[in-house]
């Protein structure tokens, strides 16, 4: 998988496992919806949730998943920034709601999203990838997939 293919995989998929060093149980993980464009990846969460607290003290990882069965995945290792700008937080929540619904949210729902963001003390997480782990998926869809065409390779960490 080339660097361009890895970036495209992240752009094309919106569900990820958000991993971080937990305060009590290590490692900690949480399923998140994310929104990505060529310039950034964003995740929305409450300021008091463990994801936000961990992001403030550690690097994080995203294991981006696709929707096929069995899933393909791409681990992405990130530095983390927390953005508390309320307008940006609402924009991110609008994007994430669109990801969850499978369609862009109309501006008609923005007041409700703003209200929820304020009440829940939401923040936006901005993971900034610096590396990924190249592990090409090998899937078995039928018996015919088992054999010489299903080799496994040694994986390696590669720059983002």
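Observations on the structure shown:
- Answer from 105, 112, 94 - the residue that is at pLDDT 95 or above, surrounded by 15 or more Cβ atoms within 10 Å (Cβ to Cβ) and outside any loop (DSSP other than H, G, I, E, B): 94
- Residues satisfying the stated conditions in the stretch 32-41, i.e. surrounded by fewer than 20 Cβ atoms within 10 Å (Cβ to Cβ), in contact (Cβ under 8 Å) with a residue 24 or more places away in the chain and assigned to a loop (DSSP other than H, G, I, E, B): 38
- Unique match (being over 30 Å from residue 24 (Cβ atoms) and loosely packed, with under 15 Cβ neighbours inside 10 Å) among 81, 143: 143
- Scope the stretch 99-126; condition touching a residue at least 60 places away in the same chain (Cβ under 8 Å) and over 24 Å from residue 57 (Cα atoms); matching residues: 99, 100
- Of all residues in the stretch 59-78, those that are exposed (fewer than 13 other Cβ atoms within 10 Å of the Cβ) and more than 14 Å from the chain's Cα centre (by Cα) total 3.
- Residues that are crowded, with 16+ Cβ neighbours inside 10 Å and part of a strand (DSSP E or B), drawn from the stretch 42-58: 42, 43, 44, 45
- Qualifying residue in the stretch 16-31 (condition: modelled with pLDDT under 95, in a loop (DSSP other than H, G, I, E, B) and in contact with a helix residue (DSSP H, G or I) (Cβ under 6 Å, 6 or more places away or on another chain)): no
The values are calculated or read from the model by the stated rules, or taken from the named source; none is laboratory data. Just so it is clear, the structure is predicted and the values come from calculations on it, not from any experiment. No Cβ is skipped: glycine too gets one built from the backbone with ideal geometry, and neighbour counts run over all protein chains shown.
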